[in-house]
Amino acid sequence: MRDRLTIRRPDDWHVHLRDGAMLAAVAAPTARQFARAIVMPNLSPPVTDVAAAQSYRARILAALPEGHDFTPLMTCYLTDATDPAEVRRGFELGVFTACKLYPAHATTNSAHGVTSIAHIRPVLEVMQAIGMPLLVHGEVTDPAIDIFDREAVFIERVLVPLLADLPALKVVLEHITTAEAAAFVLAHPDRIGATVTPQHLIINRNAIFAGGLRPHAYCLPVAKRETHRVAVRKAVTGGAPNIFLGTDTAPHMVEAKISACGCAGIFSAPTALELYLEVFEEDDAIDRFEAFASENGARFYGLPLNDGTVTLERVAQEVPAVWDAGDSHVVPFRAGETLRWRMAA
Ligand code: NCD
Ligand code: ZN
């Protein structure tokens, strides 16, 4: 049995760092574990232009601890009114790494999202031409579609036609949760990437209702039934070259989670690597962990691999019960539970 694992420094290809007091509380754990992270733009108001991304990036850097070595990679929140020239300018300046497509009203702070792909077609054409990845929250918002089916229906209704229309556009299907998504991603290794969160590898939808309503197990896309978890997990630990680490760590203050209309989002940043490593270990795939955490994403984005390493050791640790933020706190994923691995200092 292996007791230590040293891998190339990893990246997190999907994080929500928020702003203000929450940013001050959650930037450090992500920067401790990862060299780079794709930062989601769903602030309120969202990050929709170059100036907003530059100023958000400066606030993130100011929130990091002394001596950090962490690069936030900024994204542009697409709306029906996004200017293709602004997207091109942001990418060419090195401010925007990618654009994020939220179907309007699909998730937290997506009210300004895209109401129809037709509205952003000129933007997508530019992205295709310059090789800029499109990051997709892949769920339809049609209220007639059952919430557990919204990802699979998105693939059929939106993604398949989009890929046919723009044959060279690079697309990342974010936080995949279904057997349909896993199969689709596995079938298109050269032009589709995918991120997978720790929670979608670890819990199924029963966790949301275990003995009562469990707001801290609720995120979007919502966890699915066990067959889907197993299919996604098989794709990940089976070593698919186009699937990579993206925690979707999405902190909300406890009051916003425990509410009559609680927010979607699971906060996993403090122990992200350890959570994933347990999964790879259980699937007898520790040898494939480094590619998932530190190589596949950079290759898909066309970015250099990181220098340096991180080491994980087999030392049990308890996930903190609470994570202080401003004058309240966030409850982390698997709070109070014991994990088998710990990142070495
Ligand atoms: C995210 C958030 O809170 O910003 N929530 C979530 O459940 N994942 C938004 C998102 O990525 O859908
Ligand atoms: Zn997200």
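Is it the case that residue 209 is touching a helix residue (DSSP H, G or I) at 6+ places or on another chain (Cβ under 9 Å), among the aromatic types (Phe, Trp, Tyr) and more than 15 Å from ligand 1 (Cβ to nearest atom)?
Yes; evaluated as a whole, the condition is true for this residue.
Being in contact with a Lys or Arg (Cβ under 8 Å, 6 or more places away or on another chain) and of a type in the set (A, V, I, L, M) is the filter here; which residues of region 57-105 pass it?
73, 74, 78, 95
Just checking, which of 75, 82 is hydroxyl-bearing (Ser, Thr, Tyr), in contact with a strand residue (DSSP E or B) (Cβ under 9 Å, 6 or more places away or on another chain), in contact (Cβ under 8 Å) with a residue 12 or more places away in the chain and away from ligand 1 (no atom under 16 Å from the Cβ)?
Result: 82 is the single residue among 75, 82 that is hydroxyl-bearing (Ser, Thr, Tyr), in contact with a strand residue (DSSP E or B) (Cβ under 9 Å, 6 or more places away or on another chain), in contact (Cβ under 8 Å) with a residue 12 or more places away in the chain and away from ligand 1 (no atom under 16 Å from the Cβ).
In contact with a strand residue (DSSP E or B) (Cβ under 8 Å, 6 or more places away or on another chain), part of a helix (DSSP H, G or I), among the hydrophobic types (A, V, I, L, M, F, W, C) and touching a residue at least 40 places away in the same chain (Cβ under 8 Å): which single residue out of 169, 162, 201 fits that description?
162
Can you pull out every residue in region 92-109 that is open to solvent by less than 60 Å² (accessible area, probe 1.4 Å), away from ligand 1 (no atom under 16 Å from the Cβ) and over 26 Å from residue 25 (Cα atoms)?
94
Hey, among the residues in region 10-31 that are open to solvent by 10 Å² or more (accessible area, probe 1.4 Å) and within 14 Å of ligand 1 (Cβ to nearest atom), which one's nearest to the chain's Cα centre (by Cα)?
Among them, the one singled out is 16.
Among the candidates 60, 38, single out the residue that is open to solvent by less than 60 Å² (accessible area, probe 1.4 Å) and within 30 Å of residue 288 (Cβ to Cβ).
Sole residue among the options that is open to solvent by less than 60 Å² (accessible area, probe 1.4 Å) and within 30 Å of residue 288 (Cβ to Cβ): 38.
Any chance you could count how many residues in region 127-149 are open to solvent by less than 50 Å² (accessible area, probe 1.4 Å) and under 19 Å from residue 229 (Cβ atoms)?
2
Taking only pairs six or more apart or across chains, which ones have beta-carbon atoms under 8 Å, a first residue in region 226-248 that is at negative phi and in contact (Cβ under 8 Å) with a residue 40 or more places away in the chain, and a second residue that is of a type in the set (Lys, Arg) and surrounded by fewer than 21 Cβ atoms within 10 Å (Cβ to Cβ)?
Listed by first residue and then by second, the contacts come to 237/288; 238/288; 241/299.
For region 41-57, enumerate the residues that are in contact with a strand residue (DSSP E or B) (Cβ under 6 Å, 6 or more places away or on another chain), closer than 22 Å to residue 325 by Cα and open to solvent by 10 Å² or more (accessible area, probe 1.4 Å).
Once the filter is applied, which keeps residues that are in contact with a strand residue (DSSP E or B) (Cβ under 6 Å, 6 or more places away or on another chain), closer than 22 Å to residue 325 by Cα and open to solvent by 10 Å² or more (accessible area, probe 1.4 Å), region 41-57 yields 46, 57.
Among the listed residues 259, 328, which satisfies the condition of being out of contact with any Lys or Arg (no Cβ under 8 Å at 6 or more places or on another chain) and more than 23 Å from residue 222 (Cβ to Cβ)?
Testing whether each residue is out of contact with any Lys or Arg (no Cβ under 8 Å at 6 or more places or on another chain) and more than 23 Å from residue 222 (Cβ to Cβ) leaves just 328.
How about region 219-241: which of its residues are part of a loop (DSSP other than H, G, I, E, B) and surrounded by fewer than 21 Cβ atoms within 10 Å (Cβ to Cβ)?
Residues satisfying the conditions are 222, 225, 238, 239, 241.
Kindly provide the set of residues from region 1-48 that are β-branched (Val, Ile, Thr) and in a strand (DSSP E or B), ordered by number.
6, 7, 15, 38, 39 - these are the residues of region 1-48 that are β-branched (Val, Ile, Thr) and in a strand (DSSP E or B).
Find all pairs meeting these conditions: Cβ atoms under 8 angstrom apart; at least six residues apart or on different chains; first residue within region 127-156 and small (Gly, Ala, Ser); second residue within 16 Å of ligand 2 (Cβ to nearest atom).
Once the first residue is small (Gly, Ala, Ser) and sits in region 127-156, its partners that are within 16 Å of ligand 2 (Cβ to nearest atom) give 138/151; 138/154; 138/173; 138/174; 138/176; 138/181; 138/221; 152/181.
Would you check which residues across region 181-201 are closer than 24 Å to residue 268 by Cβ and not β-branched (Val, Ile, Thr) and list them?
Hits for region 181-201 are 181, 182, 193, 194, 198, 199, 200, 201.
The values are calculated or read from the model by the stated rules, or taken from the named source; none is laboratory data. Computed from a prediction, not measured in an experiment: that's the story for all the values here. No Cβ is skipped: glycine too gets one built from the backbone with ideal geometry, and neighbour counts run over all protein chains shown. When the accessible area is computed, the model is the full protein with side chains, heavy atoms only, and any ligands, DNA or RNA have been set aside. Shrake-Rupley method; radii C 1.70, N 1.55, O 1.52, S 1.80 Å.
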